[in-house]
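What follows is a single structure, written as structure tokens, with notes after it.
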Amino acid sequence: MTPYARRGVHGQTVEALARRVLSGDLPEGSTLDLVALQSELDVSLTALRESLKVLAAKGMVDARQKRGTFVRSRSDWNLLDADVLRWQFESDRTSDADSALLGNLAEVRGIIEPAAVRLAAERRTDADLAALDAAVDAMGQGGSDAAHAVEADLAFHRALLAATHNELLERMEMVIESGLAYRDRIVHSSPHSEDPVPAHRAVLDAVRDRDPRAAEAAMRALLDQAGRDLDRIGGSPDPGGSPDIGSHNDTEGPTGQ
């Protein structure tokens with residue numbers, strides 16, 4: 001699902017409602033007082049209802065006769081929705097469920113990206129290589145600018161998924177990017193952050209050489225180091241360590257994965 005536009009009254013109202021749900025100000029099972037919310041958010045009832053439709057489409061709220069509009073159980077939320085993921089990672093408060101989510105996403109990356117990079121090595125085009133080269137070059141040009149480093153890293157992993165030329169894998173960027181952006185902001189804002197270029201260059205070189213096995217090994221090394229970097233900085237809840245999926249290369253590598 002394409003993320004909604006965040007601009008304007010509608011976007012701001014959706015964001016405000018979502019954050020209240022995620023913070024627990026509007027707890028699971030609670031019935032919403034639309035008149036009070038309308039007054040607090042200073043929006044029309046129509047704008048409020050339209051915003052609630054966005055959350056309803058994401059499984060966060062529902063409406064029933066005699067009960068009104070209420071917050072659904074977290075188990076009903078569409079946790080793979082890019083907006084829901086982003087809202088959780090940008091939340092001011094961290095619950096056990098939110099903390100575990102970052103670990104869950106690391107496991108998802110451990111399943112998807114090593115397999116995806118094998119396909120990329122087999123199917124990449126010159127245009128794909130150009131996009132990957134540009135992303136790696138950008139990583140080396142940002143200096144201490146954390147925002148620049150985050151965008152370059154996202155561009156690299158986005159280009160890798162695109163290089164698979166598999167439409168469904170390409171769509172996984174919306175899931176992976178939310179968690180990746182969150183961990184990147186933590187890692188790249190740390191004084192302990194190391195040079196991210198060599199690990200990404202190793203992946204790119206293997207893709208360029210059309211070597212699926214080397215590409216997978218390089219990606220696993222990159223992901224393993226990403227988990228260790230975050231654990232060292234203290235930004236990861238690490239619910240059970242990095243996922244043990246296939247063979248891993250535990251060689252120390254650079255930060256910023």
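The values are calculated or read from the model by the stated rules, or taken from the named source; none is laboratory data. For clarity, every value in this text was computed on a predicted model and none was experimentally measured. Heads up, the Cβs are rebuilt from the backbone with ideal geometry, glycines too, and the neighbour counts pull from every protein chain shown. These area figures cover heavy atoms from the full protein model, side chains too; ligands, DNA and RNA do not enter into them. Shrake-Rupley method; radii C 1.70, N 1.55, O 1.52, S 1.80 Å.
Brief remarks follow.
- Selection within the range 23-42 - assigned to a loop (DSSP other than H, G, I, E, B) and farther than 24 Å from GLN65 by Cβ: GLY24, ASP25, ASP42
- Which listed residue, of ARG109, ARG93, is within 30 Å of SER75 (Cα to Cα), modelled with pLDDT under 95 and open to solvent by 30 Å² or more (accessible area, probe 1.4 Å): ARG93
- Some residue of the range 130-144 being open to solvent by less than 40 Å² (accessible area, probe 1.4 Å) and at pLDDT below 90: yes
- Conditions (1) modelled with pLDDT under 95; (2) under 18 Å from ALA206 (Cβ atoms); (3) surrounded by fewer than 21 Cβ atoms within 10 Å (Cβ to Cβ); number of the one not met by ARG123: (1)
- Qualifying position, being in contact with a Leu (Cβ under 9 Å, 6 or more places away or on another chain) and modelled with pLDDT of 95 or more, among LEU180, LEU160, LEU230: LEU160
- Selection of the range 145-154 for residues being open to solvent by less than 20 Å² (accessible area, probe 1.4 Å) and of a type in the set (Asp, Glu) yields only ASP153.
- Checked against the criteria, LEU222 does not count as modelled with pLDDT of 95 or more, under 17 Å from VAL117 (Cβ atoms) and crowded, with 17+ Cβ neighbours inside 10 Å.
- Summed over the range 155-179, the residues that are farther than 16 Å from VAL108 by Cβ and open to solvent by less than 40 Å² (accessible area, probe 1.4 Å) give a count of 5.
- Those residues of the range 17-53 which are open to solvent by 30 Å² or more (accessible area, probe 1.4 Å), in contact (Cβ under 8 Å) with a residue 24 or more places away in the chain and within 21 Å of the chain's Cα centre (by Cα), in sequence order: ARG19, SER23
- All positions within the range 183-200 that are modelled with pLDDT under 85 and open to solvent by less than 60 Å² (accessible area, probe 1.4 Å): ARG183, ASP184, ILE186, VAL187, HIS188, SER190, SER193, PRO196
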